[in-house]
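Asker: For reference, the structure I am asking about is given below.
Values quoted throughout were computed directly from the atomic coordinates according to the rules given, and no laboratory measurement underlies them. On a predicted model such as this, the values are computed, not experimentally measured, just so you know. Every residue, glycine as well, gets a Cβ built from its backbone with ideal geometry; the counts of neighbours run over all protein chains shown.
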Amino acid sequence: MLRAGGLVAFGTETVYGLGADACNGDAVARLYAAKGRPSFNPLICHFADAQTAFRYVVPTALAKRLAEAFWPGPLTLVLPRAPNCPVSQLAGAGLPTLAVRVPAHAVAHQLLAAFGGPVAAPSANRSGRISPTSAAHVLADLEGRIDAVLDSGPCAVGVESTVLDLSCPIPILLRPGGVSVEALETITGRLAQAPTPGTAPAAPGMLASHYAPALPVRLNARAVGTDEALLAFGPVPAGAGLVFQLSERQDLAEAAARLFEGLHWLDAQAHAQGLKAIAVAPVPATGLGLAMNDRLSRAAAPRG
Ligand code: AMP
Ligand code: MG
């Protein structure tokens, strides 16, 4: 099911995750839709072992030591994406970094080993609801919206993984979780905490420093200026030159899967061609369109 782009919930030692093939943008779009997330938070990629995980990111020496000490286990490491990393831009919310983890749960391990690649898996609950720690919790919340739940028994840890950002000069604790800070500090030394733990960098999609195109972004554009590139959603207005089509047939899942890729691509191309702005066609604020508009309005917000 995962290989076919399906959504499969599975137990880990922390909570039940809702898994999708992280390299399949459409599957990841459906994952956000099933959760009803109003914004695109970056997702954690799950792997069977450290060796596989470290093919998708650039591990530091500290990352390797932490993996040795705490993997498999409830520790997530944020690291720069490897060159040509095939994980979809949507799974990483357009960030240059990727969060990776190797869960310590026999069933999860078997699933991930059989799959062989990264499985993006946020908690298997609808947005705003409580994280599930049994297959019954998952079904109560998501039945009919997902393809399967792998009943892996109750979750031993029951709280989310600790998230540690190793992509900056000093490691930063983004979210306290299953591995205690004290345990981490035996290897990292004293850790810097995110300004407001659990709120600020823990949701990088909320940050002003989160990826925004270099060029100004103009929303709800029904016409395109001669000095503008266009992020299109369906019909392309006359006079448009440089265009990235999110979805010809105005399919929100297809558009969501291509959103970050489109912004990156247009930013680079428009800059190279001397254009001055990116015009964005109207996207309906329903279903995945809500999260797309959230992201787009951040990209268009005045720069600090
Ligand atoms: P959940 O959706 O409950 O699995 O939580 C995932 C956590 O990992 C959230 O706190 C995310 O903000 C964090 N996260 C995932 N990817 C990244 C990243 N590239 N940079 C920083 N934090 C991340
Ligand atoms: Mg959650």
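Asker: R0 = 41 Å: FRET efficiency of LYS276 with SER127, Cβ-based, nearest 0.05?
Answerer: Values: r = 36 Å, r/R0 = 0.89.
Efficiency for this residue pair is about 0.65.
Asker: Enter the Cα centre distance for the pair segment 2-28 and segment 129-150, rounded to the nearest angstrom.
Answerer: One Cα centre to the other: 12 Å.
Asker: Measure out, as a whole number of angstrom, how far apart the alpha-carbon centroids of segment 109-126 and segment 40-82 sit.
Answerer: Each part's Cα centre sits 14 Å from the other's.
Asker: Could you give the longest part of the chain that holds none of the GluC sites (Glu not before Pro) found in DSSP loops with at most 13 neighbouring Cβ atoms within 10 Å? Can you show the working numbers first?
Answerer: Numbers: sites that count: GLU143, GLU248.
Between the exposed loop sites, the longest stretch runs 1-142.
Asker: Determine, at each q value in 0.11, 0.17, 0.19 (inverse angstroms), the log₁₀ of I(q)/I(0) that the Debye formula gives when each Cα of segment 68-140 is one equal point scatterer.
Answerer: Taken in order of the listed q values, log10 I(q)/I(0) reads -0.35, -0.84, -1.02.
Asker: Let me ask something else. Suppose we take every Cα in the chain and form the convex hull; what volume per residue is that in Å³?
Answerer: Dividing the Cα hull volume of the chain by its residues yields 127 Å³.
Asker: Count neighbours as other Cβ atoms within 10 Å of each site's Cβ, and list the trypsin sites (Lys or Arg not before Pro) in segment 240-304 that are DSSP loop with at most 10 such neighbours.
Answerer: Working: sites: ARG249, ARG258, LYS276, ARG295, ARG298, ARG303; in loops: ARG249, LYS276, ARG303.
Hits after loop and neighbour filter: ARG249, ARG303.
Asker: I've got another one for you. Charges at C-beta only: +1 for Lys and Arg, -1 for Asp and Glu. How large is the resulting dipole of the chain about its Cα centre, in Debye rounded to 20?
Answerer: Numbers: 22 positive and 21 negative charges, 97 e Å.
The calculation lands at about 460 debye.
Asker: Moving on to the next point. Grab the alpha carbons of segment 1-156, take their convex hull, and tell me the volume per residue in Å³. Provide the component values of the computation, followed by the final result.
Answerer: Numbers: hull volume 15.0 nm³, N = 156.
Here the figure is 96 Å³ per residue.
Asker: Mind checking the log10 I(q)/I(0) for segment 216-304 at q = 0.11, 0.15, 0.22 Å⁻¹? Debye, one equal scatterer per Cα, no solvent, two decimals.
Answerer: Rounded to two decimals, the profile gives -0.26, -0.48, -1.07.
Asker: Based on alpha-carbon atoms only, what is the radius of gyration of segment 112-175 relative to the globular estimate 2.2 N^0.38 Å?
Answerer: On the way: Rg = 14.8 Å, N = 64, 2.2 N^0.38 = 10.7 Å.
Here the Cα radius of gyration is 1.38 times the empirical estimate.
Asker: Taking neighbour Cβ counts within 10 Å as the exposure measure, how do LEU62, LEU246 sort from fewest upward?
Answerer: On the way: LEU62 15, LEU246 23.
Result, fewest neighbours first: LEU62, LEU246.
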